[in-house]
Amino acid sequence: MEKRRVVITGMGTVNPVGNTVSDSWAAVKAGTCGIGPITRYDASEMKVKLAGEVKNLDLDALLGKRETKKMDRFTQLSLAAADECMSDAGLDREKENLNRCGVIFSSGIGGFETVGQAHQRGSERGWDSVSPFMIPMIISNMAAGHMAIRYGFKGMCSCVVTACAGGTNAVGDAFRHIRDGYAEVMLCGGGEAAITPLAMGGFTAMKALHEGSAPLRASIPFDKERSGFVMGEGAGALLLEELGHAQARGAKIYAEVVGYGANCDAHHITAPAPGGAGGGQVGPSPAPLPAAGRSLGHPAKKRFSVATRLARYQSQLLCFQRERREE
């Protein structure tokens, strides 16, 4: 069967440097740093003092005060990004077959802020006193579920939970869903909000976070003085469409998604395999790059932690060496 072409027709984001796509891009071009002292809780007695917080975003105004009370922050931020994305795409839902529109939206850990708040309330007032909304607020796929309800999308609704790779996996899976004929429209991306004492304490115990106080020297992964990453929060959303569907409705097209590949090295829960094995073969076939629509002139990208840059380089080198042999 001929593979269908897939394009991007909408974008939305909230993040530490901007609450819209345009504001974020302007901030990036200006070199704005989104890292600063933690304000979401009292960090005075904790080792980590800095984070990348979303700022000056009135979620009650965007989503409604009554609704925000029933959502964890990761869902709120995700919906804010999704709203911008849907507005940007200009999709007329009354003219769509909503059974052919779906959502794949990732969160690595879900409602972590709600977990901490519920635990505190339960320990102080008794465990039967926790909110009846606690469980639906913490489930990782709840952002995707709220999007499906909000926009009436009745196709596939799912959540990819793969830590830092979740948002990328969600976009890739949504791409395949359209390419292979299961949908015409997919809303996809990822959202996270884990700047909480419990989450930050856990990452600090892992020796994963930067513990300094200078924002401009905090997130420096390629510097010899690097000392961990900086926790951030936010969300990013894309609307993907089948090419002919987008053209028929006169949608603006930002780009085409030409491929996607994913695997794992089956090595360790956090560390990559020595030498870059696993990352050196992207996709289900012996050829590492075609599944992701890549070639030697278009290097594949894969995200690792700051302590694994060598493995990343080695895995890419393996990709290129293997492709040269196959040529």
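The values are calculated or read from the model by the stated rules, or taken from the named source; none is laboratory data. As the structure is a prediction and not an experimental result, all values here were calculated from the model. So basically every Cβ, Gly included, is an ideal-geometry build from the backbone, and we count neighbours across all protein chains shown.
Going by the conditions given, is HIS245 farther than 26 Å from ALA43 by Cα and without any contact (Cβ under 8 Å) to a residue 12 or more places away in the chain? Please lay out each step first, then the result.
Numbers: farther than 26 Å from ALA43 by Cα: yes; without any contact (Cβ under 8 Å) to a residue 12 or more places away in the chain: no.
No, not satisfied.
Can you work out which of the residues in region 256-280 that are within 19 Å of the chain's Cα centre (by Cα) and over 16 Å from ARG176 (Cβ atoms) is modelled with the highest pLDDT? Within region 256-280, the match that is modelled with the highest pLDDT is CYS264.
If you check ARG217, ARG179, which single one turns out to be in the same structural domain as CYS33 (by TED's automatic domain parsing), at pLDDT 95 or above, surrounded by 16 or more Cβ atoms within 10 Å (Cβ to Cβ) and charged (D, E, K, R)? Outline the logic, then answer.
Numbers: ARG217 fails: surrounded by 16 or more Cβ atoms within 10 Å (Cβ to Cβ).
From the options ARG217, ARG179, the qualifying one is ARG179.
Candidates VAL130, VAL171: the one that is closer than 25 Å to VAL7 by Cα and among the β-branched types (Val, Ile, Thr) is VAL171.
Condition check: out of contact with any helix residue (DSSP H, G or I) (no Cβ under 7 Å at 6 or more places or on another chain) and on the phi > 0 side of the Ramachandran plot. Does GLY90 satisfy that?
Working: out of contact with any helix residue (DSSP H, G or I) (no Cβ under 7 Å at 6 or more places or on another chain): yes; on the phi > 0 side of the Ramachandran plot: yes.
Yes; evaluated as a whole, the condition is true for this residue.
For region 198-232, which positions are assigned to a helix (DSSP H, G or I) and closer than 19 Å to TYR41 by Cβ?
Correct list: LEU198, ALA199, MET200, GLY201, GLY202, PHE203, THR204, ALA205, PRO215.
Of the residues making up region 225-242, just one is surrounded by fewer than 16 Cβ atoms within 10 Å (Cβ to Cβ) and either touching a residue at least 12 places away in the same chain (Cβ under 8 Å) or of a type outside the set (Asp, Glu) (or both), namely SER227. Across region 171-197, which residue is farthest from the chain's Cα centre (by Cα) among those that are over 16 Å from VAL257 (Cβ atoms) and not in a strand (DSSP E or B)? The residue in question is PRO197. Screening region 98-130 for residues that are in contact with a strand residue (DSSP E or B) (Cβ under 6 Å, 6 or more places away or on another chain) and among the hydroxyl-bearing types (Ser, Thr, Tyr) and picking the one that is nearest to VAL160 (Cα to Cα) gives SER106.
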